[in-house]
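First up is the structure itself, then whatever we jot down about it.
The values are calculated or read from the model by the stated rules, or taken from the named source; none is laboratory data. These numbers come from a predicted model, not from an experiment. A quick note on method: Cβ atoms are made from the backbone with ideal geometry, for glycine too, and the neighbour counts reach across all protein chains shown.
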Amino acid sequence: MTVDGATLHFDKAVIATGARPNPPSIPGIAEAGYFTNESIFEITKLPRRLLVIGGGPIGCEQAQAFCRLGARTTIVQIRPLFLEREERDAAQILSTALARDGVEVRLNTRVRGVRVVHGGKLVDLVSDDYENTIEVDAILAGVGRAPNVEGLGLEAAGVEYEIGKGVHVDDFLRTSNRHIHAAGDVCLQHEYGHTAWISGGMAVRNAVFRGRERWSKLIIPWVTFTDPEVAHVGIYVREANRRGIPVKTFTVLMHEVDRAVTDSEETGFVKIYVREGTDRILGATIVARHAGDMINEITLAMMANIGLGTLAKVIHTYDTQAEAIQKAAQGCARAMASMAR
């Protein structure tokens with residue numbers, strides 16, 4: 001390997017070059033100028049009118065944040081709901097929350113092009129057969145990221161990869177070259193800070209210390225940091241149905257939780273999915289002000305193979321919003337007891 005003209009020799013190596021914002025293929029947007037999820041943090045003046053393109057986690061988080069800072073914000077999403085991967089009722093709650101905050105929500109809408117006229121950015125939008133143009137002062141494109149694989153000489157090293165998808169790795173994070181592993185956004189489907197950190201440690205242990213840690217054995221939660229937060233771990237019901245796994249869902253609405261009512265944070269729910277006829281936790285979705293903190297209890301239970309019925313016996317401090325998890329667990333315990341009769 002050559003770096004800055006010097007040849008470096010190694011027995012083992014880890015590719016951890018990350019990913020970068022993926023430029024949107026919208027006519028005129030490059031000439032007009034736009035921010036990404038990285039460059040937006042370099043902004044020094046609040047734009048009066050902001051367009052956010054994309055209804056994924058990045059787009060939703062930034063749209064709500066800038067709206068609350070005082071920018072007149074419009075978010076455009078080509079699909080009928082935000083957060084395509086999440087449960088539909090979770091996405092609907094978030095859509096309502098954004099609109100309530102004052103974000104102008106444009107679903108089923110795509111950006112046809114961008115023009116600069118007299119210093120203003122004119123954005124042409126299309127929704128079904130309806131076309132209109134809005135004027136904004138700044139654009140944030142939050143529509144995806146691309147793994148950094150170009151210019152690394154991966155072909156010469158015998159490392160297989162795809163542009164747009166990244167380096168191919170096996171369950172041990174090993175590439176097609178057995179001396180080279182990879183970690184982080186350059187090879188993972190889930191691009192989060194915690195997955196990058198965890199995979200980095202795993203790749204080093206497997207590469208240098210001859211570890212045999214499997215990525216598939218990890219149970220990874222994730223959070224969209226909006227208000228309310230949307231957190232998930234494990235599989236979704238639709239995924240279980242596709243795989244032929246019978247599922248039972250235990251749901252507690254946050255307005256049934258005393259602390260949520262006290263805090264005026266009744267919006268949201270806790271849904272925990274178990275394999276039908278058992279208390280084995282398959283996954284969970286939480287929509288709540290503190291969903292990112294609450295999901296960790298479910299993740300721990302799944303990692304330790306603790307059933308939802310056992311969680312019902314765990315004493316939860318009162319008065320906290322995590323009581324919603326206990327309520328869902330108690331519902332599971334009652335169902336199991338009924339089956340045993």
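Looking at the structure I just gave you, is Glu191 closer than 30 Å to Ile26 by Cα and assigned to a loop (DSSP other than H, G, I, E, B)?
yes
In region 1-18, how many residues are more than 35 Å from the chain's Cα centre (by Cα), farther than 20 Å from Arg205 by Cα and assigned to a loop (DSSP other than H, G, I, E, B)?
3
Can you tell me which residue in region 33-60 is nearest to Ala284 (Cα to Cα), limited to those that are out of contact with any helix residue (DSSP H, G or I) (no Cβ under 9 Å at 6 or more places or on another chain) and part of a helix (DSSP H, G or I)?
Pro57
Residue by residue through region 38-55, note down the ones that are surrounded by 19 or more Cβ atoms within 10 Å (Cβ to Cβ) and either in contact (Cβ under 8 Å) with a residue 60 or more places away in the chain or of a type in the set (Ser, Thr, Tyr) (or both).
Ile40, Pro47, Leu50, Leu51, Val52, Ile53, Gly54
Would you confirm whether any residue within region 217-227 is closer than 30 Å to Ala99 by Cα, surrounded by fewer than 17 Cβ atoms within 10 Å (Cβ to Cβ) and either touching an Asp or Glu at 6+ places or on another chain (Cβ under 7 Å) or modelled with pLDDT under 95 (or both)?
Yes: one or more hits.
For Ala240, are the conditions met, namely being in contact (Cβ under 8 Å) with a residue 40 or more places away in the chain, closer than 15 Å to Ala97 by Cβ and among the aliphatic types (A, V, I, L, M)?
Taking the combined requirement at face value, the residue does not satisfy it.
How about region 287-318: which of its residues are among the small types (Gly, Ala, Ser), touching a helix residue (DSSP H, G or I) at 6+ places or on another chain (Cβ under 7 Å) and not in a loop (DSSP other than H, G, I, E, B)?
Result: Ala288, Ala301, Gly309.
Quick check on region 319-332: of everything there that is part of a loop (DSSP other than H, G, I, E, B) and not aliphatic (A, V, I, L, M), which residue is nearest to the chain's Cα centre (by Cα)?
Gln321
Taking the conditions exactly as written (over 30 Å from Ile75 (Cα atoms) and within 28 Å of the chain's Cα centre (by Cα)), does Val149 satisfy them or not?
So Val149 fits the description; yes.
What number of residues in region 117-149 are modelled with pLDDT under 95 and of a type in the set (Asp, Glu)?
Here the count works out to 3.
Looking at Ala63, is it touching a strand residue (DSSP E or B) at 6+ places or on another chain (Cβ under 6 Å), free of Cβ contacts under 8 Å to residues at least 40 places away in the same chain, outside any loop (DSSP other than H, G, I, E, B) and outside the structural domain of Ile235 (by TED's automatic domain parsing)?
No.
How do the pairs read when you match residues in region 260-272 that are surrounded by fewer than 23 Cβ atoms within 10 Å (Cβ to Cβ) with residues anywhere that are among the aliphatic types (A, V, I, L, M), using Cβ under 6 Å and keeping only pairs 6 or more apart or on different chains?
The qualifying pairs are Glu266/Met254; Glu266/Ala260.
Tell me, which residue of region 197-209 that is surrounded by fewer than 19 Cβ atoms within 10 Å (Cβ to Cβ) and small (Gly, Ala, Ser) is farthest from the chain's Cα centre (by Cα)?
Filtering region 197-209 for residues that are surrounded by fewer than 19 Cβ atoms within 10 Å (Cβ to Cβ) and small (Gly, Ala, Ser), the one farthest from the chain's Cα centre (by Cα) comes out as Gly201.
Among the candidates His232, His255, single out the residue that is in a helix (DSSP H, G or I) and either of a type outside the set (D, E, K, R) or crowded, with 16+ Cβ neighbours inside 10 Å (or both).
His255
Which residue pairs have Cβ atoms closer than 7 Å, lie 6 or more positions apart in sequence or on different chains, and pair a first residue in region 2-31 that is within 30 Å of Gly120 (Cα to Cα) with a second residue that is polar (S, T, N, Q)?
Correct list of pairs: Arg20/Asn148; Pro21/Thr36; Pro21/Asn37.
Looking for whichever is within 28 Å of Ala91 (Cβ to Cβ), at pLDDT below 95 and not in a loop (DSSP other than H, G, I, E, B) here; the options are Ala284, Ala335. Which one fits?
Ala335
Regarding Arg20, is this residue among the basic types (Lys, Arg) and within 19 Å of Glu104 (Cβ to Cβ)? Explain how you work it out, then say what you get.
On the way: among the basic types (Lys, Arg): yes; within 19 Å of Glu104 (Cβ to Cβ): no.
For Arg20, the condition - among the basic types (Lys, Arg) and within 19 Å of Glu104 (Cβ to Cβ) - is not met.
What is the one condition in (1) assigned to a helix (DSSP H, G or I); (2) out of contact with any Gly (no Cβ under 7 Å at 6 or more places or on another chain) that Ser199 does not satisfy?
If we test Ser199 against (1) assigned to a helix (DSSP H, G or I); (2) out of contact with any Gly (no Cβ under 7 Å at 6 or more places or on another chain), just (2) comes out false.
Hand me the list of strands (runs of 3 or more DSSP E) wholly inside region 101-173 holding 1 or more residues that are in contact with a helix residue (DSSP H, G or I) (Cβ under 9 Å, 6 or more places away or on another chain) and closer than 30 Å to Gly211 by Cβ.
145-147
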